[in-house]
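Have a look at the structure below, then the notes.
What follows is calculated from the coordinates using simple rules that are stated; it is not laboratory data. On a predicted model such as this, the values are computed, not experimentally measured, just so you know. Ideal geometry is used to build each Cβ from the backbone, glycine not excepted, and the neighbour counts take in all protein chains shown.
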Amino acid sequence: MKPRLRFAPSPTGYLHIGGARTALFNWLYARRHGGTFVLRIEDTDQERSTPESLQAILDGLTWLGIDWDEGPGKDGGHGPYFQMKKLARYSELAEQLIATGWAYRDYSTEAELAAARKAFAAEKGLKDGDDLRSAGFKFSSPWRDKHEQREGTALIRFKMPRREGRFGFDDQVLGRIEKPYDDFDDFVIMRSDGVPLYNFGCVVDDHDMAITHVARGQEHINSTFPQLMLYEAFGWQPPLFAHIPLIFAQDNSKLSKRKHPEADVMKHKANGILPHALINFIARLGWSHGNDELFTRDELIAKFDFEHVGKSQGVWNPGKLTATNQHWLKNTEPLKVAMQVLPFLQALGAPEASVDAKLELGVKAFAERSTTLVEMAEKLRPYYAHGVTIDGAAAAKHLTPEGKVLLGKAREELAKLSEWTTAALDPIVKTVADASGAKVGAVAQPIRVAATGGTVSPGIGVTLELLGREETFHRLDAALR
RNA sequence: GGCCCUGUCGUCUAGUGGCCUAGGACGGAGCCCUCUCACGGCUUAAACCCGGGUUCGAAUCCCGGCAGGGUCACCA
């Protein structure tokens with residue numbers, strides 16, 4: 001049987017890096033085994049769900065290249081893929097649970113709940129600000145064993161069976177995990193407004209969508225238990241679970257949307273990170289394949305498994321991300337990189353730039369000198385300008401009288417060239433050096449300073465080819481004057 | 001606090017009882033290459049949380065501490 005996996009975000013914010021990795025692992029597993037990857041939107045939190053967030057998540061996944069076989073815009077026969085569109089289905093199933101004795105209507109009012117909390121606090125001698133949950137507060141509804149129907153709003157609670165012992169599941173990455181039955185109270189499955197709660201909607205949908213494997217963050221370990229009870233109540237076969245470790249920020253706190261900008265997937269796009277570099281990096285954050293570090297997309301698909309997903313939390317390492325990015329900047333076809341660096345270059349004030357031979361050459365020259373597309377664009381920018389401002393210190397050091405003599409000779413040699421290519425340009429430096437008994441460096445630096453305004457650039461040949469014949473002479477003559 | 005999960009260089013990790021005087025990557029230090037800057041190559045410092053067991057032998061298995069994390073909603 002082909003596996004079916006899903007990513008089920010709630011549209012309450014941008015695509016979080018942790019969510020992206022969860023999506024990636026599910027996607028990778030589905031792709032590896034020729035299965036199906038489903039995107040389901042859990043929009044039952046109407047307070048926080050927004051269409052903008054939905055779009056942001058879709059955009060994030062699309063940018064990363066994580067495509068879904070079923071989900072928004074792609075009907076696969078297991079829809080709807082938005083939970084708010086299947087409210088009737090949840091009600092029907094909740095009624096079924098009531099009918100079979102696995103759930104009950106709870107007519108308790110807000111006031112009654114508050115009173116119960118207050119009584120509990122008083123009994124335990126708690127102060128106002130104390131957390132009742134950590135003190136062990138559990139609400140036992142008086143409606144658990146009443147079977148009467150009543151007018152008015154009610155929520156529906158799952159009737160947790162009173163059993164001795166423990167129950168659990170075999171996690172694909174963590175191994176056997178168990179908990180005692182009495183750890184759970186009668187959790188709410190349907191709100192009084194008819195909208196399902198997470199655990200209920202999740203189980204119903206995973207079943208309806210025939211999901212076989214669920215990979216999700218470790219923060220969901222504890223919600224697996226009530227979900228397991230729901231599967232039992234319905235008599236459904238639960239999927240296999242794989243709980244993957246959380247990602248922490250460098251300050252060792254959970255990577256949060258508010259405190260850590262790196263938590264936003266699209267922020268990395270803006271920072272000039274290649275989507276595949278991000279994929280490669282987050283894949284390695286929590287999963288490994290021996291000593292391998294760099295993987296192409298196909299290699300990731302061919303090698304991914306839950307067995308080698310780590311058990312402990314990982315810390316975000318920006319340096320390694322940029323190192324990975326640089327590797328892919330160097331190892332991706334220049335044309336593809338050119339297309340991605342173009343917007344950055346144009347934003348820097350070079351609207352005339354386009355994806356052409358010049359830009360491709362520039363990408364080749366600067367890929368190994370840049371860590372991000374932003375940096376590459378900044379380095380490319382001067383090659384799209386007319387004229388250049390020469391750095392004072394650089395001029396003082398290299399555009400000395402002697403330097404200018406060598407520069408002048410180089411200009412003469414350059415003028416003789418019929419072909420303006422790196423191959424033709426490169427030897428000029430040595431030619432001039434040999435002819436004038438100077439070191440190559442003594443010739444190269446004045447040219448570099450005159451052509452770029454500074455002491456740092458790629459090889460003279462590429463630099464001048466990038467500049468073009470006309471602009472090169474323009475700058476050289478300006479420096480010679 | 002109850003319950004649950006985890007614990008190898010600064011960070012990500014390899015490691016599933018002998019191959020480990022613990023390997024790789026990022027970062028650090030140094031050297032080489034070199035027209036500058038990079039890239040690349042080489043070298044190097046740096047870790048098995050602690051304590052008990054089990055075993056001929058433990059980073060690997062067990063127990064106990066300790067530490068970190070998760071979770072306990074009409075959020076997901």
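Cβ crowding within 10 Å, taken as a proxy for footprinting-reagent exposure, orders A:VAL203, A:VAL188 from fewest neighbours to most as A:VAL188, A:VAL203. Around the Cα centre of chain A, unit charges on the Cβ atoms of Lys, Arg, Asp and Glu (plus for the first two, minus for the last two) sum to a dipole of about 860 debye. Modelled spin-label separation between A:SER223 and A:GLU470, with each label point placed 7 Å from Cα along the Cα-to-Cβ direction: 6.2 nm. Less than 25 Å apart at the alpha-carbon level, and either on another chain or at least 8 residues along: which lysines does that give for A:LYS330? Answer for A:LYS330, where 25 Å is the Cα cut-off: A:LYS267, A:LYS269, A:LYS303, A:LYS320, A:LYS358, A:LYS364, A:LYS379, listed by chain and number. Against chain A, whose longest principal axis comes from its Cα atoms, helix A:469-480 is set at around 70 degrees.
Express in nm, to one decimal, how much length is gained between A:GLU307 and A:ASP183 on full extension, taking 0.36 nm for each residue of separation and deducting their alpha carbon distance.
Extra length from A:GLU307 to A:ASP183 when fully extended: 41.7 nm.
Semi-axes, largest first, in whole Å: what does sqrt of 5 times each Cα gyration tensor eigenvalue give for the range A:250-332?
Details: eigenvalues 87, 65, 21 Å².
Result for the range A:250-332: semi-axes of 21, 18, 10 Å.
Between the Cα long axis of helix A:401-416 and the first principal axis of chain A there is an angle of about 90°, rounded to the nearest 10.
With unit charges on the beta carbons (Lys and Arg positive, Asp and Glu negative) and the dipole taken about the Cα centre of chain A, which residue among A:VAL38, A:THR332, A:ALA367 sits farthest to the positive side? It is A:ALA367.
Sequence-distant contacts, meaning Cα pairs under 8 Å at least 6 residues apart, place the relative contact order of chain A at 12 percent. Within the range A:378-418, which residues have the backbone N less than 19 Å from the label spot 7 Å out from A:ARG481 along Cα→beta-carbon, could you tell me? The answer is A:385-392, A:395-396, A:399-401, A:404-405, A:407-409, A:411-412.
Each of A:ASP69 and A:LYS416 was given a label point 7 Å from its Cα along the Cα-to-Cβ line. The distance between the two points is 6.6 nm. The length gained on full extension between A:GLU112 and A:ASP426, counted as 0.36 nm times the residue separation minus their Cα-Cα distance, comes to 104.5 nm.
By other beta-carbon atoms within 10 Å, ranking A:SER370, A:SER49, A:SER223 with the fewest at the front produces A:SER223, A:SER49, A:SER370. Neighbour counting of Cβ atoms within 10 Å sorts the residues A:TYR107, A:TYR90, fewest neighbours leading, into A:TYR107, A:TYR90. Mind putting together the pair-distance distribution for chain A? All Cα pairs, 20 Å bins, whole percent per bin, short to long. Final binned percentages: 19, 39, 23, 13, 5, 0. Counting only Cα atoms, the range A:337-481 measures 44, 32, 25 Å along its principal axes, largest extent leading. In chain A, the longest principal axis of the Cα atoms and the axis of helix A:51-64 are about 50 degrees apart.
Were the residues from A:LYS320 through A:ARG369 laid out at 0.36 nm apart, the gain over their Cα-Cα distance would be 16.0 nm. Applying the criteria of a DSSP loop state and at most 13 other Cβ atoms within 10 Å to the GluC sites (Glu not before Pro) of the range A:326-393 yields A:GLU352, A:GLU368. Pairs of Lys residues in the range A:76-148, spaced 8 or more positions apart or belonging to different chains, with C-alpha separations under 23 angstrom: 5 in total. Summarising the label geometry, the points placed 7 Å from Cα in the beta-carbon direction at A:ALA396 and A:GLU293 lie 4.0 nm from one another. Spatial offset of the range A:378-396 relative to the range A:232-282 amounts to 41 Å, using the alpha carbon center of each.
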